[in-house]
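I have placed the structure first, in the form of structure tokens, so that the comments after it can refer back to it.
Please treat every number below as a calculation from the coordinates, not as lab data. As the structure is a computational prediction, the values presented were derived from the model and not from experiment. Methodologically, a virtual Cβ is constructed for each residue, glycine included, from the backbone with ideal geometry; neighbour enumeration extends over all protein chains shown.
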Amino acid sequence: MKRSVGRLISILYRKNQIYLNAAMKPLNITTAEQPILMYLYRHNAVTQEEISAYLQVDKALTTRTVQSLLEKDLITKEKDSQDKRCNKISLTEKGLDMREAMVEKFVGWNQIMLEGMDQEKQDLLFELLEEMVTKTEQHDLKGG
């Protein structure tokens, strides 16, 4: 049987979800919420549209997840002073306080996946994955 990149990526994705569900449970964070928080740790005070575009998810999912994070008091949402149609999303102190614990969980996942790989292999892996992402972005995947 021919090897399948998609199958292997799918397996890694499922394993990642299992790991993150367990790792984020003590923090009361879901696997839908964690990517938004991680993005906000690097780019605080951004619009919901920016979050959706970066994560490549639809706006409805971002809206639902933002609402959940608001209810947990991890973020704030305010009208953008430049464009009243947009909402600016920012971290609260409570959200900021979780940063170290969340980053630690992600570092742990990377260590599991990269265990035993020398730097040359790691560099090649990232180069190839980035190349694959670039190639898929050049195609109209919805067109079939």
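Could you sort the peptides 70-80, 103-113, 30-40 by per-residue average Cβ neighbour count (10 Å cutoff), highest mean leading?
Values: 70-80: 14.6, 103-113: 12.1, 30-40: 18.1.
Output ranking for 70-80, 103-113, 30-40: 30-40, 70-80, 103-113.
Past 20 Å, Cα to Cα: identify those pairs from Lys59/Lys84; Lys15/Lys142; Lys2/Lys142; Lys25/Lys72; Lys25/Lys77, in the order given.
Lys15/Lys142; Lys2/Lys142; Lys25/Lys77
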request  = Take each complete run of DSSP H in the chain, measure how far its Cα atoms stretch along the helix's own axis, and keep only those covering 20 Å or more with mean Kyte-Doolittle hydropathy at least -0.5; list them.
outcome  = 5-24, 99-114
query = Build a GNM of the chain with springs between Cα atoms under 10 Å: which of Gln119, Gln17, Gln67 gets the top mean-square fluctuation?
reply = Gln119
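Report Rg/Rh for the chain, rounded to two decimals, where Rg is the Cα radius of gyration and Rh the Kirkwood radius. Present the calculation step by step, with values, prior to reporting the outcome.
Numbers: Rg = 17.5 Å, Rh = 17.3 Å.
Across the chain, the Cα-based Rg/Rh ratio is 1.01.
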